[in-house]
Amino acid sequence: MKPEPRLVKAPISLVYDIANEESHEREYHSLSEADDDAIGQWLKLAKAKGETSESDPIALRLLVELHRKVDNLERLIKNEKPSRIGLSSSAQIESIGFGYFRLEEAELEPGTRYYGRISMPTYPQREIGVFFTAADAQLAKIEKIHDRDEKEWGAYVTARERVMIRELKGNE
């Protein structure tokens, strides 16, 4: 019997469906390219040319995020919606760990492979695409996640662990 992965409380939303490799794979890749919008491409090019060396990186990132917010408002006003695949199920993630998450309710079919979008409660807020397999009716093992998203996931797990440790110290 495998040992239970270490998980920490983290309220996150998930929408998912049984994996359909072709259409879900296409959306999975498009979600990773969400940062590759016009302003993102411009910033990468400017960094590559060394044009940002004298700029404050935090101010530059905030300015880029502000530009993206304005773009999102413009799309909202024009009633344009991002093209996302309709996923049949939604759930609340109760706890997370490195490479795992647990749902609040038993909704998964053990051994089944799923595709899902997780709404990350980080700044900037965004959705990440993941392929995961149900270890049991609640526990999921992340099988496929983009490198950048995996780093963000790991940083969020670490941040939640720190919160838990502070709470435990406060209760002593």
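No lab work stands behind these numbers, since they all come straight from the coordinates. Bear in mind the structure is a predicted one, so any value in this text is a computation, not a measurement. Don't worry about glycine lacking a Cβ; one is built from the backbone with ideal geometry, like all the others, and counts go over all protein chains shown.
Before moving on, here are some points about what is shown:
- Against the main long axis of the alpha-carbon atoms of the chain, helix 147-171 sits at an angle near 60°.
- When peptides 62-72, 13-23 are sorted by average Cβ neighbour count within 10 Å, with the highest value leading, the order is 13-23, 62-72.
- Take the Cβ atoms of residue 65 and residue 112, set R0 to 35 Å, and the FRET efficiency comes out at 0.45.
- Rounded to the nearest 10 degrees, the angle from helix 57-77 to the longest Cα principal axis of the chain is 80 degrees.
- Residue pairs, from the table 49/144; 44/151; 78/141, whose Cα atoms sit over 30 Å apart: 49/144; 78/141
- Relative contact order for region 78-130, counting Cα pairs under 8 Å that sit 6 or more residues apart, in percent: 20 percent
- The candidate values were (i) 23, 20, 17; (ii) 31, 23, 15; (iii) 20, 18, 17; the one computed from these coordinates for semi-axes √(5λ) of the Cα gyration tensor in Å carries the label (ii).
- Other-chain or far-sequence residues with amide H under 5 Å of residue 144's (modelled H): 131
- Spin-label proximity, residue 89 to region 4-19 - amide N less than 20 Å from point 7 Å beyond Cα toward beta carbon: 5, 10-19
- Dipole magnitude for region 99-172: about 300 debye, using +1 per Lys or Arg Cβ and -1 per Asp or Glu Cβ, origin at the Cα centre.
- Computed from point charges on the beta carbon alone (+1 for Lys and Arg, -1 for Asp and Glu), the dipole magnitude for region 35-77 about its Cα centre is near 40 Debye.
- Here the spin labels are modelled as points 7 Å beyond Cα on the Cα-Cβ line, and at residue 79 and residue 17 they lie 2.4 nm apart.
- For residue 89, nonlocal amide neighbours, meaning residues 5 or more places apart or on other chains whose placed amide H falls under 5 Å from its own, are 16.
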